[in-house]
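Here the structure comes first, spelled out in structure tokens, and everything after it is commentary.
Only the coordinates and a few stated rules stand behind these numbers; no lab work does. Because the structure is predicted, anything quoted here is derived from the model rather than measured. Positions of Cβ are backbone-derived with ideal geometry, glycine not excepted, and every protein chain shown enters the neighbour counts.
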Amino acid sequence: MRRAVLCGYYGMSNGGDEALLATLLQMLPKDVQPLVLSASPKATENLHQVEASDRYSVFSLINEFKRSDVFIWGGGSLMQDATSARNPIYYGGLMGLAQGMGLETIAWAQGVGPLNRKLSNWIAKRSFQGCNAVSVRDRQSAKLLANWQVESIVAPDPVWALEATPINMYRDLSKLRVAVILRSHPALTSCRLATITEALQKLQAQTDAHVLLIPFQPTQDKAIAQAICDALNQKLPNHSQVIIQKDPRKLKGIFCGVDLAIAMRLHGLIMAAAEGCHCSAISYDPKVSYLMEDLGISGWELENLPDDAQLIADVWVKEIENCDQGLSDRIHKLKQQAFIHQQILST
């Protein structure tokens with residue numbers, strides 16, 4: 001039995017990163033015993049039924065590395081300095097420590113960049129060059145690694161392949177359901193938030209839809225979700241609700257009964273599309289824009305969001321009515337290709 005340390009943005013109550021962890025655990029070979037580095041080890045153990053350790057305890061980290069054979073960067077945009085300059089230092093430091101202690105090291109399903117600082121770029125380059133195997137989730141990351149003479153496998157985000165747990169929460173099967181997944185961001189100004197809220201009100205007026213506001217990271221997203229929910233219920237009572245779901249498999253399962261997902265978060269779009277839901281994006285990040293382009297779905301860059309709420313609502317209604325068999329075929333292919341990330345775990 002081999003022992004693997006799994007490292008990512010785990011234990012932070014972020015639905016997308018917990019979904020990446022759940023998918024990684026789903027794809028791990030049966031002869032690998034995982035140990036997850038987490039900001040909330042007990043919560044991670046309860047949620048994923050796996051052993052976890054404090055990601056901030058240097059003493060614990062060194063002890064776990066001594067007991068282990070493999071170190072895995074477990075998915076997502078870990079090597080980037082857009083959100084914090086500390087990210088490359090932390091994750092690169094752990095990768096360097098693992099490599100220095102002789103562990104086999106794997107970068108799994110990575111999205112690399114942006115790297116705006118010379119130090120970040122240097123750390124990332126050295127870290128990836130020292131890996132035994134690398135898989136990435138987009139062409140742009142693969143191109144950057146190729147410039148560093150690092151070979152990588154390219155495959156869609158692994159959450160496409162996450163096994164969903166369906167949730168029986170929809171009593172009125174005849175009612176149209178719209179999921180909204182927003183997140184806090186400097187470009188999501190009060191004016192833009194008001195426009196989105198007004199557009200949802202117009203959408204409800206046209207379709208009588210029930211709106212589900214789903215904060216993927218409640219510590220950051222819940223206040224936005226609740227504010228929109230309150231505004232919608234003032235206009236159309238009992239037609240909107242906030243749903244918080246920590247289990248990523250159940251979170252994905254919510255979309256089994258949803259007709260349209262309007263999402264800023266990447267994994268909100270992926271989960272919804274994978275479960276056959278129509279999607280429209282509001283992009284705050286290139287990774288969301290790339291997916292919007294790849295799927296050919298409607299949406300806007302957040303900073304270019306129209307001021308006309310009726311125009312936005314009309315696009316959403318049109319998206320609900322869209323019957324694109326080609327899109328269904330592309331999504332099926334993405335779900336199959338996502339299992340390519342499993343190859344580097346098996347070898």
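Under 5 Å between amide hydrogens, built in the peptide plane, is the criterion, and for ASP138 it picks out ALA155 among residues at least 5 positions away or on other chains. Between the listed residues ALA142, ALA187, GLY130, the Cα displaced farthest toward the positive end of the dipole of the range 112-197, a dipole computed from Cβ unit charges relative to the Cα centre, is found at ALA187.
Charge dipole (Cα centre; +1 on Lys/Arg Cβ, -1 on Asp/Glu Cβ; no other charges) of the range 177-334 amounts to roughly 640 debye. Comparing LEU61, LEU25, LEU269 in a Gaussian network model of the chain, where Cα atoms under 10 Å apart are tied by springs, the biggest mean-square fluctuation is seen for LEU61. With a cut-off of at most 12 other beta carbons within 10 Å, and DSSP calling the residue loop, which trypsin sites (Lys or Arg not before Pro) in the range 37-123 qualify? Please list them. Hits after loop and neighbour filter: ARG67, ARG117. By the beta-carbon count within 10 Å of each Cβ, the least crowded to most crowded order of CYS7, CYS279, CYS256, CYS191, fewest first, is CYS191, CYS256, CYS7, CYS279.
Quick one: dipole size for the range 1-107, taken about the Cα centre, charges +1 on Lys/Arg Cβ and -1 on Asp/Glu Cβ, in debye to the nearest 20.
Values: 8 positive and 10 negative charges, 33 e Å.
Roughly 160 debye, rounded to the nearest 20.
Could you tell me how many degrees, from 0 to 90 and to the nearest 10, lie between the Cα long axis of helix 86-100 and the main elongation axis, the longest principal axis, of the Cα atoms of the chain? The helix 86-100 is inclined about 30 degrees to the chain. A Gaussian network model of the chain, with springs between Cα atoms under 10 Å, assigns the largest mean-square fluctuation among GLY299, GLY102, GLY257 to GLY102. For the range 1-158, the square roots a ≥ b ≥ c of the C-alpha gyration tensor eigenvalues yield an a/c under 1.5, which makes the shape rounded.
The range 65-79 and the range 314-341 have Cα centres spaced 32 Å apart.
For the range 177-334, the square roots a ≥ b ≥ c of the C-alpha gyration tensor eigenvalues yield an a/c under 1.5, which makes the shape rounded. Angle, helix 286-295 long axis vs. longest principal axis of the chain, Cα atoms, 0 to 90°, nearest 10? Here the helix axis deviates by roughly 60 degrees. Applying the criteria of a DSSP loop state and at most 16 other Cβ atoms within 10 Å to the trypsin sites (Lys or Arg not before Pro) of the range 216-256 yields LYS246.
When a/c is below 1.5 the answer is rounded, else prolate if a/b is larger than b/c, else oblate, so apply that to the range 202-281 with a ≥ b ≥ c taken from the square roots of the Cα gyration tensor eigenvalues. Oblate, since a/c reaches 1.5 and b/c is not below a/b.
Counted without the sites themselves, the longest stretch of the chain free of chymotrypsin sites (Phe, Trp or Tyr not before Pro) in a DSSP loop having at most 16 other beta carbon atoms within 10 Å is 171-347.
What FRET efficiency do you get for THR347 and GLN325 if R0 is 41 Å and r is their Cβ-Cβ distance, rounded to the nearest 0.05?
Values: r = 36 Å, r/R0 = 0.87.
So, using R0 = 41 Å, E works out to roughly 0.70.
Taking ALA179, ALA209, ALA107 in turn, the Gaussian network model of the chain (Cα-Cα springs below 10 Å) assigns the largest fluctuation to ALA209. Relative to the longest principal axis of the Cα atoms of the chain, helix 325-337 runs at roughly 20 degrees.
Of interest is the spacing of the C-alpha centroids, which for the range 84-120 and the range 194-256 amounts to 36 Å.
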